[in-house]
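> One structure coming up, written as structure tokens, with questions to follow.
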Amino acid sequence: MAATGRKISWEVDGNGRKLSSGRDEIFEEEPKARDFRQLSIVSISLPELTSLTTCNCELALLPLELLLQLQPVYFQLQQPRDSREGSVTVLNSAGGYNAFCNGLVKLGDHQYHIVNYISRNVDLKTHLDYKDYRETILSRPMLFFVNATRNKQGVSKEKTFAFIVNTRHPKIKGQIEQGMNNIISSVLGESYKLQFSFHKVVEEFLSKENYKIDGDTLSFSYQFVGDALIDVFHLLGLSKNKVECLGKVMNLSCSNPEKKAIVNKFLTKMSTPLIRMLSTSERRFGRISGSSIDEE
């Protein structure tokens, strides 16, 4: 979590200002009929899920409408009225998600403004900015909005999915941390740019059900700009890197109340914050941490 009282230039509210610190399933077949082509939440029983101390889910996908329905404590939906566009406010002061987007999402036939999100492209100017950014993106599950289209029997159908990255999972957290560590030691010059992308893994997942992703909303990047007046290596594009993140995608689509209850419990476990004890130096400087830690 960012330092108290500091302004963070990469979080944006609904006014564009910078902030300080029925049946609606992806697949039409039942899971058994798909011969385990996709990992599904319904394969985990409710007692097993309740006994878990950490989520064993790396990545997850479900219709955005379903996520908003199941997790109203973290999402405040304002429907469009007259000529006004609707809005989705992301509530994450106590748990919840870090939404990565450019401020808009399509839901049904309408565009919605996203309030409280992290820009997918960020500039960092100081090492404290970098530390704040790193802690923040790993403190909650990441949320991306995915528009996809499926053509079936000549009929085109659009759907907006919510893609969730479980930053608490050691495999996912490790990929992000390793990518951020490696570029510091490998780049030439003081300035650099690093991009993380989940596009390929989601594209492969959805293509098995004949969905095609519209555009690229499944990546995020940050650029660290050093103090040097002219960084030749950065200007020539020699200090850029891209990490293609990998992982197993779990299908959280469901329709009946029992399955929805399981999915909701699963998401709640994933989005509930784990509090880390502050070190002496952190307490002395008044820093507050909401970062996730691995459970034993």
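The values are calculated or read from the model by the stated rules, or taken from the named source; none is laboratory data. Just so it is clear, the model here is predicted, and its values are computed rather than measured. With ideal geometry, Cβ positions are generated from the backbone for all residues, glycine too; neighbour counts draw on all protein chains shown.
> Please determine, by comparing only the residues of the stretch 123-137 that are modelled with pLDDT under 95 and among the hydrophobic types (A, V, I, L, M, F, W, C), which one is surrounded by the fewest Cβ atoms within 10 Å (Cβ to Cβ).
128
> Moving on. Quickly run through the stretch 77-128 and pick out the residues that are of a type in the set (Gly, Ala, Ser), in a loop (DSSP other than H, G, I, E, B) and over 20 Å from residue 267 (Cα atoms).
83, 103, 108
> Right, here's the next one. Working carefully through the options 52, 107, 91, 64, find the one that is over 16 Å from residue 164 (Cα atoms) and either modelled with pLDDT of 95 or more or surrounded by fewer than 16 Cβ atoms within 10 Å (Cβ to Cβ) (or both).
Step by step, each of 52, 107, 91, 64 is checked, and only 52 is over 16 Å from residue 164 (Cα atoms) and either modelled with pLDDT of 95 or more or surrounded by fewer than 16 Cβ atoms within 10 Å (Cβ to Cβ) (or both).
> Can you confirm whether residue 39 is under 30 Å from residue 210 (Cβ atoms), at pLDDT 90 or above and surrounded by 16 or more Cβ atoms within 10 Å (Cβ to Cβ)?
For residue 39, the condition - under 30 Å from residue 210 (Cβ atoms), at pLDDT 90 or above and surrounded by 16 or more Cβ atoms within 10 Å (Cβ to Cβ) - is not met.
> Is at least one residue of the stretch 143-162 on the phi > 0 side of the Ramachandran plot, over 13 Å from the mean Cα position of the chain (by Cα), polar (S, T, N, Q) and loosely packed, with under 13 Cβ neighbours inside 10 Å?
yes
Yes/no matrix, rows are residues, columns are (1) closer than 24 Å to residue 65 by Cα; (2) touching a strand residue (DSSP E or B) at 6+ places or on another chain (Cβ under 6 Å):
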{"position": "87", "(1), (2)": "yes, yes"}
{"position": "109", "(1), (2)": "yes, no"}
{"position": "122", "(1), (2)": "no, yes"}
{"position": "129", "(1), (2)": "no, no"}
{"position": "142", "(1), (2)": "yes, yes"}
{"position": "160", "(1), (2)": "yes, yes"}
{"position": "165", "(1), (2)": "yes, yes"}
{"position": "178", "(1), (2)": "no, no"}
{"position": "185", "(1), (2)": "no, no"}
